[in-house]
Amino acid sequence: MNIASIGAATSSPLARLSLAHRRVLFSYVILLAVYAACIAVNREFLSWSTLRLQLVQAAFIGIIAIGETFAILIGQIDLSVPWTITLSAILGSNLAVQYDAQWVAFAVVIGVGIAVGLLNTLGVFVLRVHSLIWTLSVNLLLQGVALIYTNAVAPTTRMPSVARFLALGNVGDLPVAFLVWAFCGALAIVALRTLPFGRYVYAIGNRQAAALLSGVRLGRMHAIVFIVSALGSAFVGLLLSGYSSQAYLGMGNDYAMPSVAAVVIGGTQLIGGQGGYVGSIAGALIVVLLQAMLITLNVSEGAREMVFGGLLLTLAFLFIRRSR
Amino acid sequence: MADSDMPALAAVGLTKRFGGVMALQDVDLALQRGEVHALIGANGAGKSTLVKLLAGIVYPDAGEIRIAGRPAAIANPRSARNAGIATVHQELSLFPSLSVAENILIGQELRRGGFWVDARAGRRRAAVLLAGLGAEDIDPDAKLGELPLAQAQIVEIAKALSGDPGVLILDEPTSALSITEVERLLALVGRLRAKGTAIVFISHRLGEIERIADRVTILRSGKKVGEFAPNTFSRTRALALMLGESWQAGRVARPPATPAAVAAAAPVLRVQGLSLHRHFVDVDFDLRPGEVVGLAGLEGQGQKDVLFALFGLFRRGVEGRIEIAGRRIHPRRPRQSIDAGMAFIPDDRRSLGGFLGLSVSENIAITVLDQLRRGFLLSPAAETTLVTGLIQRLGIVCPNPAALLGSLSGGNQQKVVAAKWLARPMPVYVFCDPTRGVDAGARAGLFQVIRELVTAGSGVLFYSTDISEFPALCDRVLVFREGRISGTLAGQAVSEQNILDLSFREAQHAAA
Amino acid sequence: MRPPESRRPTGQHGKGWQRLGEYAGPLSCAVGLVIVIGCYALRQPLILSPFGLTSLANVSVALALAAVGQSIVLLAAGLDLSIGGQITLINCVAATTMGNSGFSIAAVVVVSLLIGLGTGFVNGVVIAYGRVEPLIATFCTAFIFTGMALIILPRPGGSIPDGFAFALTESWGPLPFSLILLAGAVLVVWVPVFGSPLGRYIVAVGDDAESARVSGLPVRRIELASYMLAGLFAAVAALFLAAETTSGDPSIGEIYTLNSLAAAVLGGVSLSGGRGTVIGPILGSFVLAIIMNALGVFDVSAFWQDFIEGLILMVVLGLGGLRLLAAGNWLTLFHQ
């Protein structure tokens, strides 16, 4: 035990619990603050129609953030999100039209999700490549695949109606997308808290070697986490294609940073082993509200990027420190 | 007062608090020139903290340090070095990617023209320092990562000596060394003492203390509880002071003789012709239910590698036959050995067995999560029952099961690590150096656990770097030398002397 | 430094083999470079002409500079995901401010280098003193720098005087000026840094920051220095790109982040710190850049370029991983 850990270790034994809970609580406080700022900027944010839009956007990021939370919890990261989204959307919509069947789109989502997830597992677990750089490379590869495909087959303009329903539909007053997110999110929280899966995730993130010696099936766990992450991204690709009624190259590019930001703002440490999905929910909402607020303020793209980077950096500075 | 009477270093009233815990309380220490001052105490007594204060790694909350009578503020490692205090740390502070010479002179590089590093002069100075330590065989240009631990330790000492310190602190310098290397080190300490250096020597091994120390200071729970002037050291008094009341618990009775019934039972573990290139070769033995078999010998002779191989930690290259409870296995990862019925308790220092950031309950339950399910979900009630039962059974000291493992003492952490394998009985338990860095009280607790396991019918494989533990615990001992079993001892023949003999004898090949 | 229980005593491989292992990265890059240029030349013999060699150098030097900067940070066990953003920012600043006079050119060059030191300073302060993880810190600063670039130059534009462009992209006979620039940057920056104690301090911090602290080294200042040096190299890369394209582009630096990491890894620089050379990432950059450039020559459709690029990266990284796989022991795998 190095000097830095002695102080932490011998302080209150409930330190970790309250520390993790404190972070989640703080993320919700920030959410309220951001929402208040949004309202101050534009009263429209009080209207349900505006909020609905934000919830749908947050749903997209939130679903991606499920897999991203898992990945970061085991000490990795998944940056192959953007082109998984795009590839799944393009491939899914084209094949659905080609075979004239809705379920084909879902099959594509599952297929792409499993394939990308296994590819990421291959690099990160089997070949022991740093997950950041491997998933970025996979992202580039998927970009290539998407380009090759769209060169060979013209993208269709007909999106599967089930996608449109999921993305744009409503059940009563609530958007379907939000309900889907709520369902997936609940599953994620249950999985992390009350399934053996969750324990294994935290164990691996805490100390991989000890997990190995305790009999945790590392390969299987890595595969599950990356497949879940890729499935989430692929599914969001389908949703996005329904949302904007088109599947175009680069549609996923704006979704990598926000999902990582959501997880980090939500209190999950990048080193792994601490955090959870409850915070990521607040994180997703914060990210979406921030983006909306900046657009309302007519802030230029450059300024928006600066603000985002600066805000996230400040939050990271406040929350996520390395040991001395 | 004559100048030669003035202590080289005098610390008065040193106090340090970490969070809510008093690591050190009002401790005084006087180091005389040309004297070896030993510092002993159980784990958590405050020795490391005292070292860190003297080395400048942390700053005292109260108290003063005087060098040759003058107060010195040691605010960081650099000022400690400037004050003439050099430390050989327990966890070596060396850099594998740099060369030996670069390591020795780090922070004090010789320059050429005020800017460029003079590598040649540096090499020469390093060679001189190494020769002074009797280590001419170490090449100053060699990359440190290539050296074995004993040589790396000498480099660390050379690094400490490079500033010609008046005070040298040696923090557990022998805990990872073989017997011959310990001899070399003790001889070196003697030479430094003769030269006039004040030496602080920290060790768990009272035998070494008896041999080398002039003065001995004992710490317990952050306070100084005793000091022995030269030639007055008494092992029994020291133990009593170190451990307080728990000393009596440290005594371990000899195990009863192996009942005949055990000898006849089918082996829970059978190993035949086990070999791993460059680690060990032709290892044969049986482990029967109810017995504790120890793997002894000098460190690094293959014992640990055999245990790793049995537990599937080697991914390839292991040849031979392994049978657990009659079933043959080829473990290429730990999961396979676990499924076959083997549990593995690693040594504390590497923190391999425990998740410091998870709670005691989560640590213990990790191996049996499937059993704790009701339907799909984990049952908190089942987990609590299991965990509280095991906490009681092993006497684990923790405020409650939700406490973080990292907040427990080393000995209790090790008990938790053992506990997770006790949730369901396994045929074979492997204890790989479980008492390393664990104080006497917790050690007795672990031995008790091992006793219970064999009484319940399991077989235990035991490895330790402390040779005195084998006679206290093992029914049979296999002594290793250079990757082979050089001999077997059983029953009354298991003694430190016999183990030492076999450790040095050439391996005997299987009789025709 | 952890007690090396998993370490093998000397004599296992012999010193010679171990030294060879260190240089495996640069050596295989050198071999790869020869092969790649060879294949290129078979298809297009003109590539070996002075013009051809210059164009090869010109496509590689920017990446080489970025890779060297990245390597310095990697050696200290850090990570700079903002190097692309820094290149973008300085590129846009240069393109919008550089006038035709010699004084203007010199001033802008100096300012650009200062900006590079400044962005590096920001990174270093946030990481070394603010104690933010390098991954997230540079992830964020990348957005900040790119955002600034977008504000300065929302669309590709700006201008670079011909004289400046000529000076960096032409050649003197068979010797490209760009290579001289690269060599100059290395000589002026890398050599003094690694000839002075700072260089070994960087490696020491990369090996084990705690040991470095205990040994009395000013760890935070060393980390700060490594990021500032990376920023400096990013500035040189940005100026070169400005000369090469004679304009500014707010998306020009994007690919340099991932590619500089790949080139460094290809060249044998360890992602966990402590190990690496300067020639490794340079050779790695040349190999990567020339391969990607060669695809066009081999009639590979533009649509396949990203795919192949991604594939190459994955293969390169995977090969590095395969070396690790050779380790027989699970535990040594985790001590990475």
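The values are calculated or read from the model by the stated rules, or taken from the named source; none is laboratory data. In this text the structure is predicted, and so the values were computed from the model without any measurement. Quick reminder, even Gly has a Cβ in these numbers, built from the backbone with ideal geometry, and neighbours come from all protein chains shown.
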Just one listed residue, out of B:417, B:387, is at the interface with chain A (Cβ under 10 Å from one of its Cβ atoms) and outside any loop (DSSP other than H, G, I, E, B), and it is B:417
Report task. Confirm whether residue B:110 is within 9 Å of chain C (Cβ to nearest Cβ) and aliphatic (A, V, I, L, M). Result -> no
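Residues in the range A:228-250 that are more than 18 Å from residue A:180 (Cβ to Cβ) and either at pLDDT 90 or above or within 14 Å of another protein chain (Cβ to nearest Cβ) (or both): how many?
So the answer is 2.
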Flagged pairs (Cβ under 6 angstrom, 6 or more apart or on separate chains; first in the range B:53-75, at pLDDT below 90; second assigned to a loop (DSSP other than H, G, I, E, B) and of a type outside the set (A, V, I, L, M, F, W, C)) are B:74/B:56
If you go through B:357, B:341, the only one that is in contact with a Pro (Cβ under 9 Å, 6 or more places away or on another chain) and of a type in the set (Gly, Ala, Ser) is B:341
Selection from the range B:69-95 of residues hydrophobic (A, V, I, L, M, F, W, C), more than 14 Å from chain C (Cβ to nearest Cβ) and either part of a strand (DSSP E or B) or out of contact with any helix residue (DSSP H, G or I) (no Cβ under 8 Å at 6 or more places or on another chain) (or both) yields B:72
Note on residue B:415: of the conditions (1) closer than 21 Å to residue A:202 by Cβ; (2) surrounded by 21 or more Cβ atoms within 10 Å (Cβ to Cβ); (3) without any contact (Cβ under 8 Å) to a residue 60 or more places away in the chain, unmet is (1)
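When the range C:219-251 is examined, which residues are found to be part of a loop (DSSP other than H, G, I, E, B) and either surrounded by 24 or more Cβ atoms within 10 Å (Cβ to Cβ) or without any contact (Cβ under 8 Å) to a residue 12 or more places away in the chain (or both)? I'd like the intermediate steps shown before the answer.
So the first thing to find is which residues in the range C:219-251 are part of a loop (DSSP other than H, G, I, E, B), and the list is C:246-247, C:249-251.
Correct list: C:250 only.
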Checked C:203, C:186 against criteria (under 28 Å from residue C:54 (Cβ atoms), under 20 Å from the mean Cα position of the chain (by Cα) and among the hydrophobic types (A, V, I, L, M, F, W, C)); the one match is C:186
Among (1) away from chain C (no Cβ under 14 Å); (2) in contact with a strand residue (DSSP E or B) (Cβ under 9 Å, 6 or more places away or on another chain), residue A:202 falls short only on (2)
Flagged pairs (Cβ under 6 angstrom, 6 or more apart or on separate chains; first in the range C:308-336, closer than 22 Å to residue C:260 by Cβ and at pLDDT 70 or above; second assigned to a helix (DSSP H, G or I) and hydroxyl-bearing (Ser, Thr, Tyr)) are C:310/A:137; C:313/A:137; C:314/A:137
Exception for residue C:168 within (1) more than 14 Å from chain A (Cβ to nearest Cβ); (2) over 26 Å from residue C:286 (Cα atoms); (3) modelled with pLDDT under 95; (4) crowded, with 17+ Cβ neighbours inside 10 Å falls at (2)
Note on the range B:418-438: residues surrounded by fewer than 22 Cβ atoms within 10 Å (Cβ to Cβ) and out of contact with any strand residue (DSSP E or B) (no Cβ under 9 Å at 6 or more places or on another chain) are B:423, B:424, B:425, B:436, B:437
- Task: Tell me, please, whether a residue that is surrounded by 16 or more Cβ atoms within 10 Å (Cβ to Cβ), under 22 Å from residue B:489 (Cα atoms) and at pLDDT 85 or above can be found in the range B:245-267.
- Result: yes
Among strands (runs of 3 or more DSSP E) entirely within the range B:298-369, at least 1 residues that are closer than 30 Å to residue A:194 by Cβ and at the interface with chain A (Cβ under 9 Å from one of its Cβ atoms) occur in B:342-345
Only one of (1) in a helix (DSSP H, G or I); (2) over 19 Å from residue A:128 (Cβ atoms) does not apply to residue A:219, and that is (2)
Among (1) within 26 Å of residue A:131 (Cβ to Cβ); (2) more than 14 Å from chain C (Cβ to nearest Cβ); (3) surrounded by fewer than 22 Cβ atoms within 10 Å (Cβ to Cβ), residue A:281 falls short only on (3)
Every listed condition ((1) surrounded by fewer than 20 Cβ atoms within 10 Å (Cβ to Cβ); (2) over 19 Å from residue C:302 (Cβ atoms); (3) within 14 Å of chain C (Cβ to nearest Cβ)) holds for residue A:173 save (3)
Reported set for the range B:453-472 where residues are touching a residue at least 40 places away in the same chain (Cβ under 8 Å) and either farther than 28 Å from residue B:219 by Cα or aromatic (Phe, Trp, Tyr) (or both) is B:454, B:455, B:457, B:458, B:459, B:460, B:461, B:462, B:463, B:470, B:471
